[in-house]
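In what follows, a structure is listed as structure tokens, so that the remarks can point back to it.
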């Protein structure tokens, strides 16, 4: 009788290799977007993320009276299935005090698949 454990282990390894290939850096390049209802009736929060080929990014969260944004470098953390954004430091004190400054300097997105990323409670979808 053949033990089922080695067969199960081989199947799991094959599937993990397939998903790792699917979520390579090249497959994530592009624009991602989400729109979510805000607290105030009739207003929305819009999330925009652009991942570029040189591993740079642009990330913006646009609300009723604020629009923090940042630019920097991104990387895939394969061991935790996450996308890590590291914002560049901004030396401009006026911008740091404005509604356009994003105080969090690192952001983590869960990699759902090459067309969907989850940021906190929000799922951003690839813009076509």
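Yes or no: the range 92-107 includes at least one residue that is modelled with pLDDT of 95 or more and more than 16 Å from residue 69 (Cα to Cα). Talk me through it step by step, then tell me what you get.
At the first step, the residues of the range 92-107 found to be modelled with pLDDT of 95 or more are 106-107.
Still in the running and more than 16 Å from residue 69 (Cα to Cα): none.
No, the range 92-107 contains no residue that is modelled with pLDDT of 95 or more and more than 16 Å from residue 69 (Cα to Cα).
All conditions but one from (1) over 17 Å from residue 124 (Cβ atoms); (2) at pLDDT 85 or above; (3) in contact with a strand residue (DSSP E or B) (Cβ under 9 Å, 6 or more places away or on another chain) apply to residue 52; the one that does not is (1).
The values are calculated or read from the model by the stated rules, or taken from the named source; none is laboratory data. Here the structure is a predicted model, which means the values were calculated and not measured. Cβ atoms come from the backbone with ideal geometry, glycine included; neighbour counts cover every protein chain shown.
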